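Heads up, the thing below is written out as structure tokens.
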Amino acid sequence: MPAPRTPIDLRSDTVTRPAPAMRRAMAEAEVGDDQYGEDPSVNALQDRVAALLGKEAALFVPTGTMANQIALKVLTQPGDEVILGAESHVAWHEVGSAAVHSGIQFSVVGQGGLFKAADVAGAFKPRGHIVYPPTTLVVIENTHNRGGGVVFPQADAVAICEQARERGMKTYLDGARLWNAALASGASLHELAAPFDLVGVALSKGLGCPVGSLIAGPAEVIARAHRQRRMFGGAMRQAGIVAAAGLYALDHNLDRLAEDHANARAFAEAVARLPQVDIDLSTVQTNIVIFHLRPGAPDAATVLAEARSRGVLLTPFGPRTLRATTHLDVSAQDCRRAGEIMAELAVAWPH
Ligand SMILES: *Cc1c(COP(=O)(O)O)cnc(C)c1O
């Protein structure tokens, strides 16, 4: 068993460092100039992810944000409106870029990142109206980061995409953590991706790669995405060096996500026992734990600093809200210890 890492870094599943075997796969990757379509490792990764998601084609891009931004760009026109769930990554964590790159506005529906087909029907605005912005795209995030890693119920996703299609809207799945959603729900990646026009997935979260995301969809749309990737400055050359990490991760790091889910559950149950904490354990379905400090307890900044002083790193998600995320660089023992440290700290908190 690897020695416990200090600190126990639960800030994000992006903090992982590539393991020696992944680095070896990267060092030995066959590469070529991807701008000429000649990087065999990139081509293999794109083909493999397209097949996993049941789509015609896929495109390798540097980040999940670029995947999302390209998707918004190719599926909308400036002045369009996009329906999405509360606290979506594209609305909260992408520095307002959708307004800059695509000139679109958001219509936020539902709660905790989840919504229903009826919400889409209620928010939809038709094309050609004298005052309305035309609603042309629906975005679903699965799993939902700020919603606590919840899995988007697939029956709702299917009904939403059907509703969207009937009204002439496109659909995009921000599946940065779709791997986690598949594992937690027992549905295949193929099944989760099927209702959507375009799907984004990330390699740099639970899969433990240093870099990389992909978008997948019909060949014609991916061809337009290809042009946008160049426009966004995300077209790379011997990117097989990093694509090889993705291929390695698909072979070795998919099934082990179950450990991350079990570790998140153990940490969540530990903080749920603290009288100063509110947590909805029903949202702890994958590798993310979001919890709230009750009125009277110290605030998020104070608890963050106290936890840091004891070697546990968390992320602030609001004045009284914290997030912990498990990943392949924290063990079951680390997560148990992190829970114990929170309990030791809480002894001194008023409640
Ligand atoms: C992390 C994340 C992204 C993309 O993030 P990058 O840091 O740009 O790779 C997109 N969507 C969701 C839901 C995410 O959690």
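Expressed as a whole percent, the accessible surface of the stretch 1-149 that belongs to carbon and sulfur atoms is 54, based on a 1.4 Å probe. Non-local lysine pairs in the chain, meaning eight or more places apart or on different chains, with alpha-carbon distances under 22 Å, amount to 8. With an a/c value of 1.5 or above and a/b not larger than b/c for the gyration tensor axes a ≥ b ≥ c computed over the alpha-carbon atoms, the chain is described as oblate.
Computed packing ranks the peptides 137-144, 253-260 as 137-144, 253-260, most packed first, by mean other Cβ atoms within 10 Å. Taking a point 7 Å out from the Cα of Tyr36 in the direction of its Cβ, the residues of the stretch 224-243 whose backbone N falls within less than 13 Å of it are 237-238.
From most to least packed by mean Cβ count within 10 Å, the peptides 182-189, 29-36 give 182-189, 29-36.
Reported to the nearest whole Å, the Cα centre-to-centre distance from the stretch 269-314 to the stretch 78-137 is 31.
Here's the picture: charge each Lys and Arg Cβ at +1 and each Asp and Glu Cβ at -1 in the stretch 105-249, and of Leu189, Val131, Val158 the one pushed furthest to the positive end of that dipole is Val131. Per residue, the accessible area of the chain comes to 41 Å² when a 1.4 Å probe rolls over the protein heavy atoms. Here the chain is assigned +1 on the Cβ of each Lys and Arg and -1 on the Cβ of each Asp and Glu. Its dipole about the Cα centre then comes out at about 500 debye. Ranked by the mean number of other Cβ atoms within 10 Å per residue, highest first, peptides 57-64, 165-172 order as 57-64, 165-172. Note on Gln105 and Glu220: the extension gain reaches 38.9 nm, defined as 0.36 nm multiplied by sequence separation minus the Cα-Cα distance.
In terms of the Cα gyration tensor, with a ≥ b ≥ c the square roots of its eigenvalues, is the stretch 249-339 rounded because a/c is under 1.5, prolate because a/b exceeds b/c, or oblate? Prolate, because a/c is 1.5 or more and a/b exceeds b/c. Atom-type composition of the exposed protein surface of the stretch 258-351 places 56 percent of the accessible area on carbon and sulfur (1.4 angstrom probe).
The values are calculated or read from the model by the stated rules, or taken from the named source; none is laboratory data. Since the structure is predicted, the reported quantities are computational estimates derived from the model, not experimental observations. For neighbour counting, all protein chains shown are included, and Cβ atoms are generated from backbone atoms with ideal geometry for every residue, glycine included. These accessible areas exclude ligands, DNA and RNA; they are computed on the full protein's heavy atoms, side chains included. Shrake-Rupley method; radii C 1.70, N 1.55, O 1.52, S 1.80 Å.
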